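The values are calculated or read from the model by the stated rules, or taken from the named source; none is laboratory data. What you see is a predicted model, and the numbers here were worked out from it, not measured in a lab. Here the Cβ is made from the backbone with ideal geometry for all residues, glycine too, and neighbour counts use every protein chain on show.
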Amino acid sequence: MKRILDFFWPALGLVAVVWSVKLLFEKLELEAATDGRVSAALDAGGLWSDIKIIATVIGTKLANIPVQGYVMAGLCTLVAYAALAWYDRIALIHLKRERGISFVFIALCSFVTYALSHNIGATVFSGGMVRYRAYTAKGLTAGEVAILVALCSYTFAFGTILLLALVLIGEPQILQPLGRLSSWFSISELSARLIGFALLGFCALYTIGAWLQLPPLRFRSFELKYPRLNVVARQYVAAPLELIGAAGIIYFALPEQGNPGFFIVLGAFLLSFSAGLLSQVPGGVGVMEAVFLAIMPGMPATAVFAALLVWRLFYLILPLALSLPVILFFEKSQLAKVVHLDTKTPAP
């Protein structure tokens, strides 16, 4: 059975690569097909003509953004993915398994994990599969990898709660335009601020729990330890840093005229990206556009669409394309180890 699994995982990695290439093309096609005439041309054409149409449409949309906007968006992307790698490092510190695992390895594992999960949508499955393959090769058990995945997910949620609390307190009117999308958002500014303070209270209680060193939760033989204060302190920095970097991509891609400011863009990003994750819509396609257009009615729709396209290119599509060679190299090296062990094993 073990020998079968040794060959099964590289084969699964190859399937993931093929699936990702198909997904990559579909996402680019979806971005280009927002215009009805372009959509009709794509339906009537073949593969090569579709590629030409997609490249032309996307190139036209991106041409209106200045070079400075791209440079700042690129820097924000690096900040966001560095912070995501820090998520994994924080989880390893919590598990006391950070020794012997270089940050380069962690960064590559994290990069591939989020490149796949952000695009595919099945965050726990796709992210868990990559981390399981990578970290069990470094000696972690399946249970430890499960805790690592859970803590990384919680770190993201914690950062979202913390920043959303600050946005609701500082810009409580941000929810009112969303009342056109759902009656759940039709609340007063006072109510929005109270929700913000309640979210801050949750963050405070979580921190106090770490300070008091609450006892671990036990489920039969499984033990879930409460994060220590040094872990929580890192979460306070890493989680907001990643979200600020991701929102910064959109902010710097928007034109200056009519730009509502970074705090509003950050709030729109937090609300739309969280809704996209909850709905499991890959890349939040449609969800993000609806939220941003509702919150920023003073911005031209074409400018909003272009900025979100830049975000998807930098934060989703380019990382997905760059992660494919990493997956192939890792699975090839793992397969080579299996073959090497087979050749060294003496015949009975």
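Tabulated values for the structure
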| quantity | calculated |
| --- | --- |
| Failed item in (1) surrounded by fewer than 20 Cβ atoms within 10 Å (Cβ to Cβ); (2) in a helix (DSSP H, G or I); (3) in contact (Cβ under 8 Å) with a residue 12 or more places away in the chain, with A204 passing the rest | (3) |
| Candidates F305, F314, filtered to the one that is part of a helix (DSSP H, G or I) and either within 25 Å of C203 (Cβ to Cβ) or at pLDDT 90 or above (or both) | F314 |
| Test for A192: is it out of contact with any His (no Cβ under 9 Å at 6 or more places or on another chain), over 15 Å from L243 (Cβ atoms), buried (at least 17 other Cβ atoms within 10 Å of the Cβ) and small (G, A, S) | yes |
| The one condition in (1) at pLDDT 90 or above; (2) among the hydroxyl-bearing types (S, T, Y); (3) within 24 Å of P227 (Cα to Cα) that T136 fails to fulfil | (1) |
| Qualifying positions in the range 274-299 - outside any helix (DSSP H, G or I) and either modelled with pLDDT under 75 or surrounded by 15 or more Cβ atoms within 10 Å (Cβ to Cβ) (or both) | Q280, V281, V285, G286, M296, M299 |
| Output for the range 132-142, where each listed residue is without any contact (Cβ under 8 Å) to a residue 60 or more places away in the chain and either touching a strand residue (DSSP E or B) at 6+ places or on another chain (Cβ under 9 Å) or surrounded by fewer than 20 Cβ atoms within 10 Å (Cβ to Cβ) (or both) | Y132, T136, K138, G139, T141, A142 |
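Let's see how each residue does on (1) of a type in the set (K, R); (2) buried (at least 21 other Cβ atoms within 10 Å of the Cβ):
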| residue | (1), (2) |
| --- | --- |
| F111 | no, no |
| V130 | no, yes |
| E144 | no, no |
| R180 | yes, no |
| S183 | no, no |
| S186 | no, no |
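Residue-wise test of (1) farther than 21 Å from F103 by Cα; (2) touching a Pro at 6+ places or on another chain (Cβ under 8 Å).
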{"residue": "V130", "(1), (2)": "no, no"}
{"residue": "G139", "(1), (2)": "no, no"}
{"residue": "L151", "(1), (2)": "no, yes"}
{"residue": "L194", "(1), (2)": "yes, no"}
